[in-house]
Structures are given as C-alpha cells and as structure tokens.
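What follows is a short report on a single structure.
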Amino acid sequence: MTRTVYVNGDYLPETEAKVSIFDRAFLMGDGVYEVTSVLGGKLIDFAGHAKRLQRSLDELDMPAPCTMDELLEIHRELVKINEIDEGMVYLQVTRGAPDDRDFVFPDPETVKPTLVLFTQSKPGLADSPAAKKGIKVISIEDVRWGRRDIKTVQLLYPSMGKMMAKKAGADDAWMVEDGFVTEGTSNNAYFIKGNKIVTRALSNDILHGITRAAVLRFAREAQMEVEERNFTIEEAQQADEAFITSASTFVMPVVEIDGVSLGGGTPGPRAARLREIYLDESRKAAI
Ligand code: PLP
C-alpha cells in the first residue's frame, strides 16, 4: 500500500512527496525529529514528544513550523489515513531550503522551516518476540558531538554503532565515554541490582528520553529505587538485569553485554514487569 505522507501542508502519496536539494537537513544535518509510537491507533505520550521538540527547536534557534496542536492534528490524520494500529509516526523539522548552500543560517523571515511526517506500520510492536528473548549489546566508544540532548537528524554515528553491533553478532551498542556508559545508539540504558534501577543522569551527554521519564516514574510508583548516576560496563555486567527504553522498543530487556550473560541469558522479572506496566499505563493515557 502506498503511504500517505505529510510535507509542508500537503498530504501526498509517498512517491509524490519532495524536498529541495538545498534543504538544510540534507546538506548540513540541520534538522530535528521525533518518533511517537502508536498503539491501538492512538499516540503514546504525544505531549512529551511535543515538549521535547519545542526544546530542540529553541536550543537550535529554529522556528516552529506550526503550533503543537496543529502537529497533533497532523499526527492523528496520518494515523487515520494510513490505518495505523501499531507503529510509529516520524516527524522532522528542518531549517528549510534557502536558494543556495551556505553555513550561515538563512533569515527565518524568508526561509520557512520544512515539516515532514510519515507513518511506519509495525503490527505486533507491543507483543515483540525480541522482548521475550531479550537483546545482546556490545560497547563502543561514544564519539558523538556534545549536544546529545538535542534530537537532531545527525544519526551517522548511531547508525555506524548499529552496524558494529550487527557485525559482532549483537543487536545494539551501548556507548561509553570516559569509562562510563552514556546511552544506547537509539535508546537509554539501565541495569537493575536488587530493587534498584541505575541509569545515567540527565545532562547534555544523553537524549532525555520520553520513555525514560515515564518508566522511571512508574518504577518509583512500584516502590523500586532509582539511582541516576554514571556507571561502567563492568558494573552493568554484574547486575541482575539490564534493559533499554525508547519510544519504539518501550522497555526492552538486555540479556548480554560484551559477551557476558545476565540472569542466565533470559529476561529478568523486573524488566518484564516494567514493560508490562509501561504498556498498560501508556495505552490508558494514549490520545
Ligand atoms: N537516546 C537516543 C540516542 C535516542 O536516539 C533515543 C530515541 O530515539 C532515545 C535515547 C530514547 O528516547 P525516547 O524514549 O524519547 O524515544
């Protein structure tokens, strides 16, 4: 089925959607994005994604293409037109397309931002077989830029990281800087020891995951202890359980880190329970 996508005010078949070759995101990586998951045809934590998008735009001095209410309507319309039950909505805002390539930002009065959205249908997203099996991660050096809190489309290193993991026979990579884990290539990283969840604290070093915020809130409500601090790969390898979170994987158990098995190589009860709580609560609050 040909998808209907959204480009700068128009709903179009994906084959007819076009963006200029001078678009700043194409030439400079000058764009930000969000991925919102869809369960039961409804958006999960749209408010969180809209808030983070606004923050990314503000940090880069990039004008918003429309109001967040209008963005919500576009999300809903695309979900409806494309009959998405489970999947994602991808949104990208760029600094627009000036007449020529130039490092200097174009005048926002004359060059308007580019806004693109499309859906990705993923039947079975919530009931993922990977969540029952758990995933294997390797560690790689974190060589990304210093503003990882801004969700930019500069995803070459995370993409290379996923390829390094694939070549090593693993599913994903955790990035390490100055000896401490920052985050996964496209997710936040955690381990569990006893009743305590440990994950890196928020700063410019990591993306402030929308799923992270929700999961830590649910964990505290479920009387689990949460410690936000630096941790090493070795410490995570000695944990009872580990997991990652992101909008598209929810809570995903990690069963191997750099070849060392955790919990006998199968997902532990706490990560599985957190996934259950996250999915239940998110479905209830979906819009
Ligand atoms: N960290 C990075 C580097 C990411 O790319 C992502 C998601 O794309 C996350 C964390 C998780 O963020 P969220 O839970 O908002 O999807």
Pairs beyond 30 Å (Cα-Cα), from Lys133/Lys193; Lys80/Lys133; Lys112/Lys151; Lys18/Lys151: Lys80/Lys133
Mind pulling the per residue volume of the convex hull built on the Cα atoms of region 1-131? Å³ is fine. 123 Å³
Roughly what would the spin-label model give for Ile21 and Val104, points 7 Å off Cα along C-beta, in nm? 2.4 nm
For the chain, the accessible surface attributable to carbon and sulfur atoms (probe 1.4 angstrom, ligands and nucleic acids excluded) amounts in percent to 52 percent
In region 177-257, what trypsin sites (Lys or Arg not before Pro) fall in a loop by DSSP, with at most 11 other Cβ atoms inside 10 Å? Arg229
Taking the alpha-carbon centre of each part, the distance from region 31-75 to region 126-161 in Å is 20 Å
Per residue, what accessible area does the chain have, given a 1.4 Å probe and all protein chains present, in Å²? 48 Å²
Of 86-97, 270-281, ordering from highest average Cβ density within 10 Å down gives 86-97, 270-281
Quick one: Debye curve from the alpha-carbon atoms of region 95-219 only, equal weights, vacuum; give me log10 I(q)/I(0) at q = 0.20 Å⁻¹ to two decimals. -1.30
For the chain, share of DSSP beta bridges that run antiparallel, in % to the nearest 5: 80 percent
Straight distance only, please: which lysines reach the Cα of Lys167 with their own Cα at less than 19 Å, same-chain residues fewer than 8 apart left out? Lys136
One quarter of the C-alpha convex hull surface, i.e. the mean projected area of region 159-250 in nm², amounts to 6.1 nm²
Report the Stokes-Einstein translational diffusion coefficient (µm² s⁻¹, integer) for the chain, Rh taken as the Kirkwood radius over Cα pairs, at 10 °C with viscosity 1.306 mPa s. 80 µm²/s
Which angle from 0 to 90°, rounded to the nearest 10, does the C-alpha axis of helix 269-285 make with the longest principal axis of the chain? 30 degrees
Which number do you get for Rg(Cα) / (2.2 N^0.38 Å) in region 214-287? 1.16
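The values are calculated or read from the model by the stated rules, or taken from the named source; none is laboratory data. None of the values given here were measured: they were computed from a predicted structure. When we count neighbours, we look across all protein chains shown, and the Cβ atoms used for this are built from the backbone with ideal geometry, even at glycine. All accessible areas refer to the heavy atoms of the entire protein, side chains included, with ligands and DNA or RNA removed. Shrake-Rupley method; radii C 1.70, N 1.55, O 1.52, S 1.80 Å.
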